[in-house]
Ligand code: ADP
Ligand code: ASP
Ligand code: MG
């Protein structure tokens, strides 16, 4: 029998009524003859609430304890959904990530999956039951509970789909697919019927949080087709699949934005070989994920280096840079958390010059200052003031005529 993995995000299971609606859909899928493995997120904003609670209790939050706390959200929604299914006469059984044998490395809060055994899920399926797996979590090689990073239930779902050889992985959320921009900011954004893994990777990496980046990497590496769709309307959504040469390659497919980063500037850095290497090695040693880097031309033998990091890594980055500054003969280290990044993503950008010129002109016309620029072969990103980023997204979406109507 065909197997499908269905993942339901937080808003899809935000209250009892939603849990019952999801159970209804799972039951319907079963009646249509498919085997189903369900992955659930924590209900509503539970993960954010737990993070806030931790901060209210203590400024000292050992990552192991945070993982024990945060993963509890999914431990609640999984058995509730199993009960709702039982109420509909569907034999369902819930599992934690550990029971599903999702084995990860030991990096708390952002663990990487190293192996998925899933024997108990296979056994449950063989008995005609519906496994309901708590998303976002695994068990480390040291036998501690780990979490897979924010949005990590997507990764759980794709990893299970790959391990179990599912036909597809359906990601149910509160929008009806992947759009040409966040539909909350650009209401006229167009739903994309199909998007390649390659473009989706850049969309996810540049702030389009509809799919977690890791889940897209996993899907591409294992050839798992993803279907992003709504658990409110149940209509067909967006397929994320291998690029097909006959697929039309839009110059620009989507405009994304990301408000999760901050900028660090190190001033008066001696302009000589080895300095940047020392700074970025020290950051890498503390597992800081540096994104955009800009180094100015040197004046009188010194220069400024600016880089962006996730806001969650800002404190560590400042500690590292401030500790190193005197050693490398640099001046001040400054932080700026009022930035945001706006990006254009499109596979056709490779063969179409002039996209950057248009992007900069659009921002210039609105007097939106560009503070940093970075590119990949199919992405163009500008760092701007956070309070102008939504306007930038709307203007670029309009200038590149992405609504298609
Ligand atoms: P879930 O809880 O179901 O995992 P998320 O909040 O993680 O849902 O992701 C869905 C949200 O992603 C949408 O509500 C939407 O605001 C946002 N989003 C950002 N960019 C896009 C995009 N390009 N297409 C669709 N949704 C997007
Ligand atoms: N509950 C987790 C989060 O909010 C994981 C997820 O929803 O995918 O990040
Ligand atoms: Mg999500």
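Taken over the alpha carbons of the stretch 260-370 as equal point scatterers, the Debye sum produces base-10 log I(q)/I(0) values at 0.13, 0.19, 0.22 Å⁻¹ of -0.60, -0.99, -1.13. The relative contact order of the chain, computed from alpha carbon pairs under 8 Å that lie at least 6 residues apart in sequence, is 13 percent. Placing pseudo-labels 7 Å out from each Cα toward the beta carbon at residue 271 and residue 54 gives an inter-label distance of 4.3 nm. Distance from the Cα centroid of the stretch 202-243 to that of the stretch 264-291 is 33 Å (rounded to whole angstrom). Averaging the Cα positions of each part gives two centres, and for the stretch 79-93 and the stretch 1-58 these lie 12 Å apart.
Note on the stretch 201-247: Rg/Rh from Cα positions, Kirkwood definition for Rh, rounded to two decimals, is 0.99. Largest GNM mean-square fluctuation across 342, 355, 383, computed for the chain with C-alpha springs under 10 Å, falls on 355. Extent along the principal axes, Cα only, for the stretch 213-282: 57, 31, 26 Å, with the longest axis given first. Listed from fewest to most Cβ neighbours within 10 Å, the set 206, 147, 153, 140 follows the order 140, 206, 147, 153.
Once you have the Cα-Cα distance between residue 323 and residue 15, take 0.36 nm times their residue separation minus that, and quote the gain in nm to one decimal.
Taking 0.36 nm per residue and subtracting the Cα distance, the gain is 106.1 nm.
Hey, what number do you get for the chain at 222 nm if only DSSP H runs of n ≥ 4 count, each worth -39500 (n - 2.57), divided across all residues, to the nearest 500?
Result for the chain, helices only: -10500 deg cm²/dmol.
Residues considered: 339, 171, 328. Largest GNM mean-square fluctuation over the chain, using C-alpha springs under 10 Å, is found at 328.
Each part gets one Cα centre, and for the stretch 97-115 versus the stretch 352-405 those centres are 38 Å apart.
Take 143, 20, 385, 229 and order them by how many other Cβ atoms sit within 10 Å, fewest up front.
143, 385, 20, 229
Could you work out Rg/(2.2 N^0.38 Å) for the chain, with Rg from alpha carbons only?
1.05
Extension gain for residue 350 to residue 115 (0.36 nm times residue separation, less C-alpha to C-alpha distance): 81.0 nm. If the chain linking residue 300 and residue 315 were pulled fully straight, counting 0.36 nm for each residue of separation and taking away their Cα-Cα distance, it would gain 2.4 nm.
So what's the stretch 1-64 giving for Cα Rg divided by 2.2 N^0.38 Å, two decimals?
The reported ratio for this selection is 1.53.
Just checking the listed ones, 363, 125, 51: in the Gaussian network model of the chain with Cα springs under 10 Å, the one fluctuating most is 51. When 350, 209 are arranged by Cβ crowding within 10 Å, least crowded first, meaning fewest neighbours, the order is 350, 209. Against the chain, whose longest principal axis is taken from its Cα atoms, helix 213-222 shows a tilt of about 60°.
With a ≥ b ≥ c the root eigenvalues of the C-alpha gyration tensor of the stretch 40-161, is it rounded (a/c under 1.5), prolate (a/b larger than b/c) or oblate? List each step's numbers first, then the result.
Details: a/c = 2.61, a/b = 1.43, b/c = 1.82.
Oblate, since a/c reaches 1.5 and b/c is not below a/b.
Once Rg and the Kirkwood radius are both taken over the C-alpha atoms of the stretch 101-227, their ratio Rg/Rh works out to 1.00. When DSSP beta bridges are restricted to pairs lying wholly in the chain, around 60% turn out antiparallel.
Values in this text are rule-based calculations from the coordinates and carry no lab data. Because the structure is predicted, anything quoted here is derived from the model rather than measured. All Cβ positions, glycine included, derive from the backbone under ideal geometry; neighbour counts span all protein chains shown.
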